[in-house]
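Student: Starting off with a structure, shown below.
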Amino acid sequence: MKLIASDLDGTLLNEVGEVSSENAAAIKRAQQQGITFVVVSGRSHEYARKPLQDVGITCPVICFNGAAIYSEEGKLIKKSPLSKSIAEQVLSKVLEDNLYLEVFTNECPYSTSYERFTQVIIDIFQTANPTMDKKTILQFARKRFEEENVQVVNDFQEVIDNEEVEVYKMLAFSKQQEPLESIRATLAPMEGLITTSSASRNLEFNDPEAQKGIALSYFADHIGVEMADVMSLGDNFNDETMLKMAGLGVAMGNAEEEIKALADFTTKTNTDHGVAFAIEEMLNNHLQK
């Protein structure tokens, strides 16, 4: 393998949003052997880089599910924003069903309510980590709001109408599955839009070019690597395309069952340093398609 691509949340990051020392060591070992490591995440560029910088890792970043590709030096290589008309249709449908929405742009992510943002974070963490206390969860919510530089606005339409703003991703949350399924059924067939999810309670909306597999293929070609020489790691449905398109697709032990079924190999969970295990197995020639 010449290129390793990893998702962040639920994959490279543990339950407290950090890169373990084991994962960091395995990535650095691969880099020392001349293998390129790239993060492929639904996060924004800066928010994706932060946990890597904390453990001394610098690498290219594919963010917003593939809507923006950045070099290791932070230079924008390619972008695939949503069209304004499509963004407006997504906005209309999501707000019609009164779901919480975030709009990720070339400037920053936008929300219309810090209170609803906080409640969404609480719901997410309580579902994933039922034993985690509310005080700790609130600290994570505050940290994410600050580190991702989320800005509160009164009206998303003003954001979309701004000619200088490009919408890279829209993200909707709901505690109930019914409104999510309704929105997916309405918007999924729409031309110029791809709908996926990174967790059981959300929907993510991107331009069709902004899919992890497509962006990873573009990046691999950009650095002269064949997709047959790429290992990708992920845990959820927004990782599906890159797991299918990579020469070696690795699902996390905590991945959705459908994701495990389409992957070539299932590693350990994200809380048990599954990325490190897969990389070491690959480097030691124990992991092959």
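The values are calculated or read from the model by the stated rules, or taken from the named source; none is laboratory data. Everything quoted here is computed from the prediction, not taken from an experiment. Here the Cβ is made from the backbone with ideal geometry for all residues, glycine too, and neighbour counts use every protein chain on show.
Student: Kindly evaluate Ala278 against the criterion of being touching a strand residue (DSSP E or B) at 6+ places or on another chain (Cβ under 9 Å), part of a loop (DSSP other than H, G, I, E, B) and buried (at least 20 other Cβ atoms within 10 Å of the Cβ).
Tutor: No, not satisfied.
Student: Here are Glu107, Glu96, Glu102: which of them is under 18 Å from Tyr168 (Cβ atoms), outside the structural domain of Leu13 (by TED's automatic domain parsing) and surrounded by fewer than 15 Cβ atoms within 10 Å (Cβ to Cβ)?
Tutor: Residue meeting the stated conditions: Glu107.
Student: Let me ask you something else. Looking only at region 1-59, how many residues end up being β-branched (Val, Ile, Thr) and either more than 20 Å from Met227 (Cβ to Cβ) or assigned to a helix (DSSP H, G or I) (or both)?
Tutor: Here the count works out to 7.
Student: I would also like to ask the following. Find the residue count for region 224-256, including only residues that are among the hydrophobic types (A, V, I, L, M, F, W, C), surrounded by fewer than 24 Cβ atoms within 10 Å (Cβ to Cβ) and touching a strand residue (DSSP E or B) at 6+ places or on another chain (Cβ under 6 Å).
Tutor: 3
Student: Show the residue pairs that are 6+ apart or on different chains and have beta-carbon atoms under 8 Å apart, the first residue being within region 83-97 and in contact (Cβ under 8 Å) with a residue 40 or more places away in the chain and among the acidic types (Asp, Glu), the second being part of a loop (DSSP other than H, G, I, E, B) and surrounded by 18 or more Cβ atoms within 10 Å (Cβ to Cβ).
Tutor: Asp97/Ser174
Student: Among the residues of region 261-273, write down those that are of a type outside the set (Val, Ile, Thr), surrounded by fewer than 17 Cβ atoms within 10 Å (Cβ to Cβ) and part of a helix (DSSP H, G or I).
Tutor: Ala261, Leu262, Asp272
Student: Look through region 69-93, keep the residues that are of a type in the set (Asp, Glu) and assigned to a loop (DSSP other than H, G, I, E, B), and return whichever of them is surrounded by the fewest Cβ atoms within 10 Å (Cβ to Cβ).
Tutor: The qualifying residue surrounded by the fewest Cβ atoms within 10 Å (Cβ to Cβ) is Glu73.
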